[in-house]
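What follows is calculated from the coordinates using simple rules that are stated; it is not laboratory data. In this text the structure is predicted, and so the values were computed from the model without any measurement.
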Amino acid sequence: MEKIVEKFIASQTKVNEDIGQALRNQYSMIRNLERTVGTIAQVLNERPNGELPPNTQVNPKYGDARKIHINVLNTPTIEVSKSTSVKKSDDLHVVQV
């Protein structure tokens, strides 16, 4: 019976050491995250409200934003009857009444 208790104590000691190491690692990661969030908060607080940083970066998906053209067409709301036909023409939906 003594040997069983000694084995149990040895295994629990190992488990406790592993858990202690995991908790120390977790604490270290939390401290690093707190420092990172603190740095981000400080940078954001130093920037005036409503202003963008002077070194904005171009979104690689779209390239140079000055070359993007957006066409917007506002149309009044119309009621569609059964005799209405819809056809697609050059990425515009044309409704003929």
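Observations on the model:
- Using the Karplus relation 6.51 cos²θ - 1.76 cosθ + 1.60 with θ = phi - 60°, the per-residue 3J(HN,Hα) values for region 30-41 come to 5, 4, 5, 5, 4, 5, 5, 5, x, 5, 4, 4 Hz, with x marking Gly and Pro.
- Just so you know, the Rg over Rh for region 1-49 is 1.52, from Cα atoms, with Rh as the Kirkwood radius.
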